[in-house]
Amino acid sequence: MSHLRVHGGTPLAGEITVRGAKNFVSKAMVAAVLGEEPSELRNVPEIRDVNVVAGLLKLHGVQVERDVAGGVVRLNPRFVETAHKADIDTHAGASRIPILLCGPLLHRLGEAFIPDLGGCRIGDRPIDYHLEILRQFGAQVDKLDAGILITAPRGLHGTKVDLPYPSVGATEQLLLTAVRSHGVTELRNAAIEPEIMDLIAVLQRMGAIISVDTDRVIRVEGVDHLGGYTHTALPDRIEAASWASAALATEGDVYVRGARQADMMTFLNTFRKVGGTFDIDDDGIRFRHPGTPLRSIVLETDVHPGFMTDWQQPLVVALTQATGLSIVHETVYENRFGFTEALRQMGSTIQVYRECLGGLECRFGQRNFFHSAVISGPTPLRAADIEVPDLRGGFSHLIAALAAVGTSDVRGIELINRGYENFTGKLEALGAKFETV
Ligand SMILES: CC(=O)N[C@H]1[C@@H](OP(=O)(O)OP(=O)(O)OC[C@H]2O[C@@H](n3ccc(=O)[nH]c3=O)[C@H](O)[C@@H]2O)O[C@H](CO)[C@@H](O)[C@@H]1O
Ligand SMILES: C=C(OP(=O)(O)O)C(=O)O
């Protein structure tokens, strides 16, 4: 387990670059398996989730060629084959992406073995929508001691699905299965995150027929054959917002090359309400602390176009420095405030509640989930010894350590590599003072 010794109190200032989105790149790599010709994905970051998916695809006979510095991944799926279950099991717990291989592997091989999933522990994260969708297409799902086996003895047929909640993963599951199923599929209450729109763009380049209506309805007309694609991944709007929050929390000034306004509208509105300033140009966005006290806000996380749940944890650190009471109501995951325990240790005043505070009732109201937080500020942060709990929580702890007075130890930082490319190099470029221990 690696750890960083962070000497806090220096504003982050300078320029960093974000590349392709973690939550798109891995799915675009999976989509390549649906084709019978090679694909090329550009703007791919060097993060752990990409390595996990590349490893999994190789086990299934996909030839993967990478130019890491240039950010190019070439995927040749011509010789896709069934992998050994024992080999696939070595990927258990590494990420959430394997479940999305169901559709592509069923179409190419007639069966899919999926290991137990990983990803951030921020709630139960069930896969019931995924499995129900696959069953509706005609697949048979068998739960094994570890993982699941999916077969399609009678093929896959288009269907009508109405999601109970606009889940990102379930929407992707449907897309990756429907494009080569027989007939027409209609999805209601679909997720419409920018990363999903980019996945639809990739599938269209491969030969799929997909239409997106204004009311969260997606229609897919299945085709018999898909080719390859060449595509440049959309930038990572979560990483961009994380650095923006880091600038705010440390009273800094950070230019994020690659950040794109169109995908970050809701974040930018919130950033401005807190008091942060930003300048947008064609190549990126410069995020600055205003030099005057930050303002408290009431915030609710939601599916797109709402305020993204993955933006929440880094921003909460900045809110500890805002004057007054901020309220954050987390409506996407039931258990995403575990990271605030370390912030309390560092001197912040954050109270979590079971009630839905500051907005509408959500799925987690009147249940045993501490999913609302009240943050009272400003409170100076002091150094601490912290263990990284998950990807965004870990980045938040890092920001808190950078904003704090004194020297903090942040342990288990390899989790942050799942979604932040070369974050120690970027911290160095922004003038942060730290050592790897
Ligand atoms: C790799 C990836 O892209 N991860 C993102 C993806 O996760 P992921 O695709 O896992 O998130 P979902 O949108 O599916 O989850 C949203 C909510 O739906 C629930 N649910 C989901 C599926 C299911 O079968 N049953 C069910 O109840 C989840 O528990 C959660 O409460 O979207 C999330 C919401 O923007 C982001 O935070 C994650 O960063
Ligand atoms: C929750 C996240 O990711 P994953 O779904 O991969 O766990 C995230 O990126 O914040």
- Item | Added length on full extension, which subtracts the Cα-Cα distance from 0.36 nm per residue, VAL212 to GLN366 | 52.0 nm
- Item | Residue-wise HN-Hα coupling along region 343-356, computed from phi with Karplus coefficients 6.51, -1.76, 1.60 (Hz; x: Gly, Pro) | 5, 5, 4, 8, x, 7, 10, 10, 10, 10, 10, 7, 6, 7
- Message: Nothing charged except the Cβ atoms of Lys and Arg (+1) and of Asp and Glu (-1): what's the magnitude of the dipole of region 22-232 about its Cα centre? Round to the nearest 20 debye.
- Response: 60
- Query: If you add up the charges near PRO378, with Lys and Arg at +1 and Asp and Glu at -1, over every other residue whose beta carbon is less than 12 angstrom from its beta carbon, what do you get?
  - Reply: 0
- Message: Can you compute the helix-only [θ] at 222 nm over the chain? Use -39500 (n - 2.57) per DSSP H run of at least 4 residues, normalise by all residues, nearest 500 deg cm²/dmol.
- Response: -9000 deg cm²/dmol
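List MET206, MET265 from most exposed to least, where exposure is judged by having the fewest other Cβ atoms within 10 Å. Walk me through the numbers before you get to the answer.
Details: MET206 23, MET265 11.
The most exposed by this proxy come first: MET265, MET206.
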- Query: So who's got an amide H within less than 5 Å of the one on LEU299, skipping anything under 5 residues away but keeping other chains? H placed 1.01 Å off N, in plane.
  - Reply: ILE327, VAL328, HIS329
- Using a ≥ b ≥ c from the Cα gyration tensor of region 22-232 (square roots of the eigenvalues), is it rounded, prolate or oblate, where a/c under 1.5 gives rounded and otherwise the larger of a/b and b/c decides, a/b for prolate? rounded
- Message: From the phi angles alone, apply the Karplus equation (6.51, -1.76, 1.60; θ = phi - 60°) to region 91-104 and give each ³J(HN,Hα) in whole Hz, x where the residue is Gly or Pro.
- Response: 9, 4, x, 7, 7, 9, 5, x, 4, 7, 6, 3, x, x
- Task: Mind giving me the nanometre distance, one decimal, between the label points for GLU40 and HIS225, set 7 Å out from Cα along Cα→Cβ?
- Result: 2.2
- Within the under-9-Å Cβ sphere about LEU234, not counting LEU234, Lys/Arg +1 and Asp/Glu -1 give a net charge of -2
- Message: Spelling out what I want: for every residue of region 371-382, take phi, set θ = phi - 60°, compute 6.51 cos²θ - 1.76 cosθ + 1.60 (Karplus), and round to whole Hz; glycine and proline get x.
- Response: 10, 10, 10, 10, 10, 10, x, x, 10, x, 9, 10
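Relative to the compact globular guide of 2.2 N^0.38 Å, what is the alpha carbon radius of gyration of the chain, as a ratio?
Rg over 2.2 N^0.38 Å, computed on Cα atoms: 0.98.
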- Around LEU226, which amide H atoms from residues at least 5 apart in sequence, or from another chain, sit under 5 Å from its own amide H, with H modelled in the peptide plane? GLU36
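Using packing as a proxy for protection, rank 232-242, 177-187, 349-359 so that the peptide with the highest average count of other Cβ atoms within 10 Å comes first. The partial results should precede the final answer.
Numbers: 232-242: 25.6, 177-187: 22.1, 349-359: 16.4.
Final packing ranking: 232-242, 177-187, 349-359.
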- Unit charges at the beta carbon, dipole of the chain: most positive-side option, ALA54, ALA373, ILE114: ALA373
- Message: Students often get this wrong, so check it: of LYS22/LYS426; LYS22/LYS85; LYS58/LYS426; LYS22/LYS58, which have C-alpha atoms separated by over 23 Å?
- Response: LYS22/LYS85; LYS58/LYS426
- Message: Quick check: pseudo-label points 7 Å beyond the Cα along Cα→Cβ at ASP145 and VAL298, how many nm apart are they?
- Response: 5.3
- Note on the structure: Whole-Å distance linking the alpha carbon centroid of region 370-390 with that of region 170-234 is 39
- Note on the structure: Connecting every pair of Cα atoms under 10 Å apart in the chain and solving the GNM, the largest mean-square fluctuation among ALA69, ALA32, ALA318 falls on ALA69
- So, relative contact order of the chain in percent, Cα under 8 Å, 6 or more apart, is 21
- Message: Under the rule of at least 5 residues apart or a separate chain, name every residue whose amide H is placed under 5 Å from the amide H of LEU294.
- Response: THR323
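We did not get these values from a lab; they are worked out from the coordinates using the rules stated. On a predicted model such as this, the values are computed, not experimentally measured, just so you know. A quick note on method: Cβ atoms are made from the backbone with ideal geometry, for glycine too, and the neighbour counts reach across all protein chains shown.
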